[in-house]
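Novice: Let me begin by handing over the structure; questions about it come next.
The values are calculated or read from the model by the stated rules, or taken from the named source; none is laboratory data. Values in this document were obtained by computation on a predicted structure and should not be read as measured data. No Cβ is skipped: glycine too gets one built from the backbone with ideal geometry, and neighbour counts run over all protein chains shown. Accessible surface is based on the protein model in full, side chains and every heavy atom, while ligands, DNA and RNA are left aside. Shrake-Rupley method; radii C 1.70, N 1.55, O 1.52, S 1.80 Å.
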Amino acid sequence: MNRLQIFIDDCLIRTKHVEGAAILTIKNASVAAASARFNILPQVRMFIDCFKHIEVTRERGLSFQDKSYTCVRADRNSVYSKSNGHGLILVKTALYIIVATYNENMYPSVCVEAVEKLADYLREKEK
């Protein structure tokens, strides 16, 4: 198991407030690691592009896993969006984009905090 997979399992899924997660490699638009049954491959490019076109992301939101998400925050490092009790969180580092979802039985703030902390850790390792 690679270290990114361990981060997903230990830092995100184990919180019980992240439903599914993946770490994308920006440079080659690939999935570096993902939680079980979290099929993100068809939309890797969309997640990378949403940071290139942040205004469009803010206005139009995102569509993922048959849900339309309304953007509630979008800046150069983070995109937070929601859809009827579900949420989609994207956080960017220099090398990766962390993607995480939560459902109506989870606390959005715990999901956001876990993803942001993992991103901070990865940013430190990228220096």
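Novice: Okay, helix-only estimate at 222 nm for the chain: each DSSP H run of n ≥ 4 adds -39500 (n - 2.57), divide by all residues, round to 500 deg cm²/dmol; what do you get?
Specialist: It comes out at -9000 deg cm²/dmol, rounded to the nearest 500.
Novice: Okay, moving on. Give the relative contact order (percent, whole number) for the chain; include only Cα pairs under 8 Å separated by 6+ residues. Could you put the intermediate results ahead of the total?
Specialist: Details: 226 pairs, mean separation 30.4, N = 127.
Computed over the chain, the figure is 24 percent.
Novice: Loop only per DSSP, at most 16 neighbouring Cβ atoms within 10 Å: give me the trypsin sites (Lys or Arg not before Pro) in segment 1-107, ordered by residue number. If you can, show how the numbers build up before the last one.
Specialist: Values: sites: R3, R14, K16, K27, R37, R45, K52, R58, R60, K67, R73, R76, K82, K92; in loops: K16, K27, R37, R76.
Answer in residue order: K16, K27, R37, R76.
Novice: Based on Cβ point charges of +1 for Lys and Arg and -1 for Asp and Glu, what charge dipole magnitude is obtained for the chain about its Cα centre, in debye rounded to the nearest 20?
Specialist: Its charge dipole is roughly 240 debye.
Novice: I'd like to check one number: the per residue accessible area of segment 1-84, probe 1.4 Å, reported in Å² as a whole number.
Specialist: Per residue, segment 1-84 has an accessible area of 60 Å².
Novice: Identify which of the listed values of Kirkwood radius over Cα pairs in Å was calculated from the structure shown: (i) 16.3; (ii) 14.2; (iii) 26.7.
Specialist: (ii)
Novice: Using a 10 angstrom cutoff on alpha carbons, build the Gaussian network for the chain and name the most mobile of I97, I40, I89.
Specialist: Of the options given, I40 has the highest mean-square fluctuation.
Novice: Here is a follow-up. Taking the Cβ of S35 as the center, what net charge do the other residues with Cβ under 13 Å away carry, scoring Lys and Arg +1 and Asp and Glu -1? Provide the component values of the computation, followed by the final result.
Specialist: Working: positive: R14, K16, R37; negative: D9, D10, E19.
Residues near S35 contribute 0 overall.
Novice: Can you send over the carbon and sulfur percentage of the accessible area for the chain, probe radius 1.4 Å, protein chains only?
Specialist: With neighbouring chains kept in place, the figure for the chain is 49 percent.
Novice: What residue among L62, S81, L122 has its Cα farthest toward the positive end of the dipole of the chain, where the charges are +1 on Lys, Arg and -1 on Asp, Glu, each on the Cβ?
Specialist: Value computed over the given set: L122.
Novice: Here's a follow-up. Using the Cα atoms of segment 66-127 to build a convex hull, what is its mean projected area in square nanometres?
Specialist: That works out to 4.3 nm².
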